[in-house]
Amino acid sequence: MTDAALTTENLAVTYTGSRNVEALNGVSIEFPENQLTAIIGPSGCGKSTLLKSLNRLHEIKPNVEISGDVCLGQQSIYDTDEPTPEIRKRIGYVPQTPTSLPLSIYENVAYGLKIHGDYDSQAELDEKVERYLRKVNLWDEVEDRLEMPGAELSTGQIQRLCLARSLAIEPEVLLCDEVTSALDPISAEQVEETLADLKTEYTIVMVTHSMNQAKRLADEVVFLYLGDVVETNDARSFFESPENERTKAFVAGHTATDYETDTAESTDTTATAPPPIDR
Amino acid sequence: MDRYTEQRLFGWLARGAAALVVAVMALVVTVTLFRGGRVFLTDPAIALTPPGSRYMLEGDGGFLHAVLGSIFIVGPATIVSMVLAISTAVYLQSDYSSERFSDVVNMFLNVLWGTPPIVYGVFVLTVIIAIGARTSLVFGIIAIAIFQYPIMTRYTDEALRSAPDTVKEASYGLGATRFETAVMTVRAALPGIIAGIIMGFARGIGDAATVLFTAGRSTNMPAGPFEPATTLPVLIFDQAMSFNAEVRSHAYAASFVLIVAVLGLIVLSKLLAGRYARYAPGGRHS
């Protein structure tokens, strides 16, 4: 296994709203460098919470308490003097809902570069925008209408725009939160292909509902259940010879029902949640 | 009653209510445009002619003083309250303020929103007396700005609230600061904000009660910020109370100018909002 790019140490997250909800109960995970790690598990198991706590994005909502630590390489992202925006620049995030910033296609990609001042000339900015739009296979579709509002693209195109936008600031790690769940099957496939191309260059952590998507894309799989890590393994062993009983049930139950609705990611996951097992 | 009869009945009721509102509005606008147009269009110069020395008595000259007074009072007031309103709403909606504080401020804004404009007028008058000043254009600006502020803040707040959370998330996710994210949220909410600003402007230009005791109800051309001035709504009231039929007919001409200005503003806000709506997440479909 390669070195871990990102590690969590006993990471626990509690929502302290009207009532306390423990979303993560102290998880320790290593995300290996330049590989794609899929986080799977039933709805409400803490997948998105885990993902957002990896770049402190949960802090934008009130009433969240966190303990434990997340390290990027050797550096803690919580116990640090580095401003949070700098951390989020190094650990990029692609949201679940494809969202264009209220800017043109060009400006969407250029935005991150502009706020971080990551360019020296207009030519360099142009070059970077083109490079990252090419990287997500969107350039050919938009090259003659870069000044058009990003919001006027199709949902699938917007999601690739989001990817390009996040990649443009050259993050060390890319967090993807169910990036295909809002897309139609064809767009979802295009985004998947893009991710497959990217995973050799980037450390990607991807939350997904679809077991088959995890199978197709993941190098490593983390199975999360009710805020605990049940099993983590390389994708092949995870799917072919799961060690934990709960994983076995989840993998078996999921693939059986998930199979036909393969790319239609919006399958009701409650229906495919694992049967209750005594802990 | 049968559920389908119930459904039909409600349908009629709703259509009837909508028709009534539209009819009343159409009637007000048509009557004003028609009666005012008859006076104004025969002699459009009255809106561009300064008043004569005996204008309120005999109707010599025109009402340029009120047109300019409206522009000089409502223009600056709109700019002042726009800056205040956007700052307040951004503060309330962004992550600068706690939810609890936002709730309290919102309650005060509701109270301000519901306060009759005449009360602002009296309040500013009290201040004028207290500091020993006299009614003038500048106090008209202050009174109108206070009146517009809650209107614009509520509109802006609503617009920011309805801007999708995902914009914030996307912006923070790219390493934007709180301020950069707030700017991005404002951009996403721009159609609603523009509508709110123009609505505030339109309400301000049409309000008489706030400027009645504060701007000085002048019958001369505005001479400076600390000199008395008047606005179209106040002038219309004064004209309509006149003994002279010519002056009374000018009230319709002034109403015509006012309503055309307000309608124009509403059209402008629609055009501007439509232009920026293309950029809003969800695009023109939303």
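The values are calculated or read from the model by the stated rules, or taken from the named source; none is laboratory data. Computed from a prediction, not measured in an experiment: that's the story for all the values here. Note that each Cβ is placed from the backbone with ideal geometry, even for glycine, and that neighbours are counted across all protein chains shown. These area figures cover heavy atoms from the full protein model, side chains too; ligands, DNA and RNA do not enter into them. Shrake-Rupley method; radii C 1.70, N 1.55, O 1.52, S 1.80 Å.
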* Of all residues in the stretch A:90-146, how many are farther than 21 Å from A:LYS52 by Cβ, facing chain B (nearest Cβ under 10 Å) and surrounded by fewer than 24 Cβ atoms within 10 Å (Cβ to Cβ)? -> 5
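To keep it simple, each residue is scored yes or no on (1) open to solvent by 30 Å² or more (accessible area, probe 1.4 Å); (2) within 14 Å of chain A (Cβ to nearest Cβ); (3) modelled with pLDDT of 90 or more; (4) closer than 30 Å to A:LEU163 by Cβ.
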{"site": "B:SER98", "(1), (2), (3), (4)": "yes, yes, no, no"}
{"site": "B:MET107", "(1), (2), (3), (4)": "yes, no, yes, no"}
{"site": "B:LEU112", "(1), (2), (3), (4)": "yes, no, yes, no"}
{"site": "B:ALA133", "(1), (2), (3), (4)": "yes, no, yes, no"}
{"site": "B:ALA163", "(1), (2), (3), (4)": "no, yes, no, yes"}
{"site": "B:THR177", "(1), (2), (3), (4)": "yes, yes, yes, yes"}
{"site": "B:ALA188", "(1), (2), (3), (4)": "no, yes, yes, yes"}
{"site": "B:MET199", "(1), (2), (3), (4)": "yes, no, yes, no"}
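Determine whether the stretch A:154-169 contains at least one residue that is part of a loop (DSSP other than H, G, I, E, B), under 25 Å from A:ILE204 (Cα atoms), away from every other protein chain (no Cβ under 11 Å) and in contact with a Cys (Cβ under 9 Å, 6 or more places away or on another chain).
no
For the stretch A:92-137, give me each residue that is in a helix (DSSP H, G or I) and over 21 Å from B:ARG187 (Cβ atoms). Talk me through it step by step, then tell me what you get.
Kept after step one, since they are in a helix (DSSP H, G or I), are these residues of the stretch A:92-137: A:105-116, A:122-135.
A:GLN122, A:ALA123, A:GLU124, A:ASP126, A:GLU127, A:LYS128, A:GLU130, A:ARG131, A:TYR132, A:LEU133, A:ARG134, A:LYS135 - these are the residues of the stretch A:92-137 that are in a helix (DSSP H, G or I) and over 21 Å from B:ARG187 (Cβ atoms).
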* Structure fact -> Of B:GLY196, B:GLY173, the only residue that is free of Cβ contacts under 8 Å to residues at least 24 places away in the same chain, under 30 Å from A:ILE60 (Cα atoms) and of a type in the set (Gly, Ala, Ser) is B:GLY173
* Take the residues of the stretch A:47-68 that are open to solvent by 30 Å² or more (accessible area, probe 1.4 Å) and under 23 Å from A:PRO32 (Cβ atoms): which is farthest from the other protein chains (Cβ to nearest Cβ)? -> A:GLY68
* Leading residue by the ranking (surrounded by the fewest Cβ atoms within 10 Å (Cβ to Cβ)) among those in the stretch B:135-147 that are among the small types (Gly, Ala, Ser) and under 16 Å from B:PRO228 (Cβ atoms) -> B:SER136
* Structure fact -> Exactly one of A:GLY26, A:GLY44 is open to solvent by 50 Å² or more (accessible area, probe 1.4 Å) and either touching a His at 6+ places or on another chain (Cβ under 7 Å) or under 29 Å from A:ALA252 (Cβ atoms) (or both), and that residue is A:GLY44
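Each row is one residue, and each column tells you yes or no for (1) touching a Pro at 6+ places or on another chain (Cβ under 8 Å); (2) assigned to a helix (DSSP H, G or I); (3) touching a residue at least 12 places away in the same chain (Cβ under 8 Å).
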{"site": "B:ARG15", "(1), (2), (3)": "no, yes, no"}
{"site": "B:ALA23", "(1), (2), (3)": "no, yes, no"}
{"site": "B:VAL39", "(1), (2), (3)": "no, yes, yes"}
{"site": "B:SER97", "(1), (2), (3)": "no, no, no"}
* Go through (1) within 14 Å of chain A (Cβ to nearest Cβ); (2) free of Cβ contacts under 8 Å to residues at least 60 places away in the same chain; (3) within 20 Å of the chain's Cα centre (by Cα) one by one and return the number of the condition B:ARG278 breaks. => (3)
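Look through the stretch A:248-279, keep the residues that are assigned to a loop (DSSP other than H, G, I, E, B) and open to solvent by less than 40 Å² (accessible area, probe 1.4 Å), and return whichever of them is modelled with the highest pLDDT.
For the stretch A:248-279, the residue satisfying everything is A:PRO274.
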* Quick one: how many residues across the stretch B:114-131 are outside any helix (DSSP H, G or I) and open to solvent by less than 80 Å² (accessible area, probe 1.4 Å)? -> 2
* Asked: Do we have B:SER242 as in contact with a Lys or Arg (Cβ under 8 Å, 6 or more places away or on another chain), in contact (Cβ under 8 Å) with a residue 60 or more places away in the chain and open to solvent by less than 30 Å² (accessible area, probe 1.4 Å) here?
  -> yes
* Checking B:ARG278 against (1) within 27 Å of B:ARG35 (Cα to Cα); (2) surrounded by fewer than 20 Cβ atoms within 10 Å (Cβ to Cβ); (3) touching an Asp or Glu at 6+ places or on another chain (Cβ under 9 Å), the condition it does not meet -> (1)
* Asked: Which of (1) open to solvent by 50 Å² or more (accessible area, probe 1.4 Å); (2) of a type outside the set (Val, Ile, Thr); (3) under 19 Å from A:LEU224 (Cα atoms); (4) not in a strand (DSSP E or B) is the odd one out, the single condition A:ASN34 does not satisfy?
  -> (3)
* Structure fact -> So, first residue closer than 20 Å to B:GLY173 by Cβ in the stretch A:52-77, second residue basic (Lys, Arg) and open to solvent by 50 Å² or more (accessible area, probe 1.4 Å), Cβ within less than 6 Å, six or more apart or across chains; the pairs are none
* Given (1) more than 21 Å from the chain's Cα centre (by Cα); (2) over 26 Å from B:PRO191 (Cα atoms), index of the condition B:TYR91 fails -> (2)
* Among the listed residues A:LEU198, A:LEU175, which satisfies the condition of being touching a residue at least 12 places away in the same chain (Cβ under 8 Å), within 14 Å of chain B (Cβ to nearest Cβ), open to solvent by less than 10 Å² (accessible area, probe 1.4 Å) and in contact with a helix residue (DSSP H, G or I) (Cβ under 8 Å, 6 or more places away or on another chain)? -> A:LEU175
